[in-house]
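The values are calculated or read from the model by the stated rules, or taken from the named source; none is laboratory data. Because the structure is a prediction, the values reported are computed rather than measured. Note that each Cβ is placed from the backbone with ideal geometry, even for glycine, and that neighbours are counted across all protein chains shown. With ligands, DNA and RNA removed, areas are computed over all heavy atoms of the protein, side chains included. Shrake-Rupley method; radii C 1.70, N 1.55, O 1.52, S 1.80 Å.
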Amino acid sequence: MELIRNLINNYNYLQLDYIGSHPDVSFISNLIINVTISLGLITIFYLLGSKIKNILLSKNSFHEQEIFIKIALGYIFVGTGLATFGLFSLLYPTIITLYLILVILLSFFPLRLLKKNIKELNKFKKLLFNDFKIHRWVFIWITLFIFIGILRLQSPEIREDQYHTDLPVQYLKNHTIMLPSREQIMVSQSPQLAEMSYLISIFLGSKETARYIHFIFYILVLSLLYSLSKEKKYKFVIIAPLLLATTPEVIRETSSQYTDFQWIFLFLLSTIILVKNKSLSVKLIALSGFIFGGMIATKLWTIAFIVVPLFYIAVGSLKNRFKIINHILIYVFGLVITPSIWFLRSFILTGNPIYPALMKRDLLESTVNLGLFNYLTLNSSLLSLNNLKIFSPLFFLGIIFFIYKFKETILILTKVRIFLFFITLTILYIFINYPYGRYLLGLYSIAIIIFSLPLYKIVYKNRFIKYAISIILLFMLTYYLISSLLILPYGIGLADKNKYLTRTLSRDNSSYYDFDHKFNGFIKKNDLVATYGIFGHYYADFNYIDVNNIFDKNSISISLLKAKRVTKLFIKNGDINWFCDKLGITDCEPRRYNLLSYYSAVPYSGSSYYLYELK
């Protein structure tokens, strides 16, 4: 009933917000720019990765995963190169331009090698078309849900954690990634490999392209799962991309500028390299570790997963104790290389190479303790109702069929190496504080491989089950299609975008926006706006600074804001008197400020927003 009410509400809002039958012409041009930059960047990752792979692993063939390994290598090297310039405060337009030209030249030349790349891509495309004829039912449903993702990608950005693009903007403005920060969400000094790709798109003039890059990695994750199904023992994995594509949490993420699909792609690729090969050579272990390190450089909290491949490698080398130590050292060396520049940056800025993990830090209004026991705990909410909502209905069918065909399924799974990965990762999740939402996608990305086996066995043998699942998928597709179409007009200029974002972003997600056109008109190009209670600046086209980066517990005043050349103050959830009382500011005299504008989010939420001019 809640889903139906959502559709009805969105329809009623669209009727009120509809402004015309002719789409905004700029939508088409922006779409072309976003697609061109994002596809161009992935192409460069692939071509440059091909060169790197040929140098480091010329004699190794990875068959269906070859393309993905090359993309991963290119992604890691290009992003690390930019991070190196940022570490030395060299992110100037001229240097970035020269760097991008060099990367393009290295990627495309010599031209004779492009034929080999084109042949490799055509081979994979032919493989897809051949399997489409065999697995038509699976491919059609996956394609339909990808289409839903494309539709949602055209709607305005509304997700939280907008720092994924906010920080690259600041790096470009300040020409460095060495920006000390005391913001409350404590993310700016963590590894940000994916954000380096977003920095390129922002440098080229399109922040929106970050969402398209993230979406392409979603397609890469689906394709990588498919590639595993070409292994004889893993042919059942053909169902896994469908489980992922029909996951509500994943569907929501397809339209965001997050970085989750990047780290999931690297995690799965690193895992597949280990589990698909009977014997683990030094080069394979090093490569898997290197790519795993790319995941850590993309999302630091995944560092906890290191237990899983290390245990797998140790079990695989039990017959030779020397090999255990040797292989583990090689793997650890490989995974440390990739994020090392980010660890160095964190150490210089905070004294902790894996900031904010294992730290106790005094912030302006609180003390945050992220010690070891903050992470090691019984994850009692792992199977809570709210968490169950984020998984695909087909995933639960897979679990049911797993229980129903338990003996038969277990006999098969014990013969595939990824089952050990799944068991180890599940145990890890039980005892680590990754309790909700996107944090569960690490376990889920492996679990869908495991539970696609019983689903595969029954769907391909029982036509009635296939029809029943089709009905479930049809209901899901219908809901998401209608929901996406009701939001699409706001992205293409047929409905009032400001009304939609005012309504959506004011629902306590801590984002700045020009709510009801109340604020942007008062903010000039040369203004520096201090913000309080705001953590997302995706729509902030002006210079801003969080008050946490100005104040500390021993120095809080309006005079200090003025000394830092702040001209405006933007507050969420209270007026300036509330702000001063909360922070203990004593020089909040009326002569020092002037209220410029105010917005109340009622009835959407209880939030309120105030913009002041400082005199």
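Brief remarks on what is shown
- Sulfur and carbon atoms: percent of accessible area, region 1-122 [1.4 Å]: 71
- Nonlocal amide H pairs with residue 432, under 5 Å, H built at 1.01 Å: 377, 379
- Cα-based reach from residue 230 at 19 Å (exclusive), listing aspartates and glutamates while leaving out same-chain residues under 8 positions away: 64, 66, 120, 131
- Once the Cα atoms are used to define both axes, helix 260-275 deviates from the longest principal axis of the chain by about 20 degrees.
- Anchor residue 499: lysines whose Cα lies under 22 Å away (excluding residues fewer than 8 positions away in-chain): 207, 518, 572
- The chain - percent relative contact order, Cα under 8 Å, separation 6 or more: 16
- Residue 514 - accessible surface, heavy atoms, 1.4 Å probe, Å² rounded to 10: 20
- For region 433-508, applying the loop criterion from DSSP together with a ceiling of 16 other beta carbons within 10 Å to the trypsin sites (Lys or Arg not before Pro) yields 461, 507.
- Relative contact order [Cα under 8 Å, 6+ residues apart], region 526-598, whole percent: 35
- For residue 596, the residues 5 or more places off, or on other chains, whose built amide H falls under 5 Å of its own are 611, 612, 613.
- Portion, in percent, of the accessible area of region 377-514 that falls on carbon or sulfur, probe 1.4 Å: 69
- Over the residues of the chain, the helix contribution to mean residue ellipticity at 222 nm works out to -19000 deg cm²/dmol, using -39500 (n - 2.57) for each DSSP H run of at least 4.
- Nearest-ten-degree value, helix 441-459 long axis tilted from longest Cα axis of the chain: 40
- In this view, the solvent-accessible surface of residue 160, computed with a 1.4 Å probe and all protein chains in place, comes to about 90 Å².
- Gained length - residue 475 relative to residue 588, 0.36 nm times residue gap less alpha-carbon distance: 35.0 nm
- The loop-placed chymotrypsin sites (Phe, Trp or Tyr not before Pro) in region 420-490, going by DSSP, include none that has at most 10 neighbouring Cβ atoms within 10 Å of its Cβ.
- Which labelled figure in (1) 1.00; (2) 0.97; (3) 1.05 is Rg/Rh (Cα atoms, Kirkwood Rh), once derived from the coordinates: (2)
- The chain - accessible surface per residue (Å², probe 1.4 Å): 45
- Accessible heavy-atom area order of 541, 527, 581, 575, highest first, probe of 1.4 Å: 541, 581, 575, 527
- By the rule of a C-alpha distance below 17 Å, with chain neighbours fewer than 8 residues away ignored, the lysines paired with residue 461 are 235, 405.
- Separation in nanometres of the label points that stand 7 Å from Cα toward Cβ, at residue 414 and residue 29: 6.5
- Accessible-area ranking of 322, 290, largest first, probe 1.4 Å: 322, 290
- Structural descriptor for region 33-157: relative contact order 25 percent, calculated from alpha carbon pairs under 8 angstrom and at least 6 residues apart.
- For residue 340, the solvent-accessible surface computed with a 1.4 Å probe is close to 50 Å², ligands and nucleic acids excluded.
- Sites residue 185 and residue 374 - FRET efficiency at Förster radius 22 Å, r taken between beta-carbons, to 0.05: 0.90
- When the pairs 51/126; 53/173; 119/232; 133/415 are compared against a 30 Å limit on Cα-Cα distance, 53/173 fall above it.
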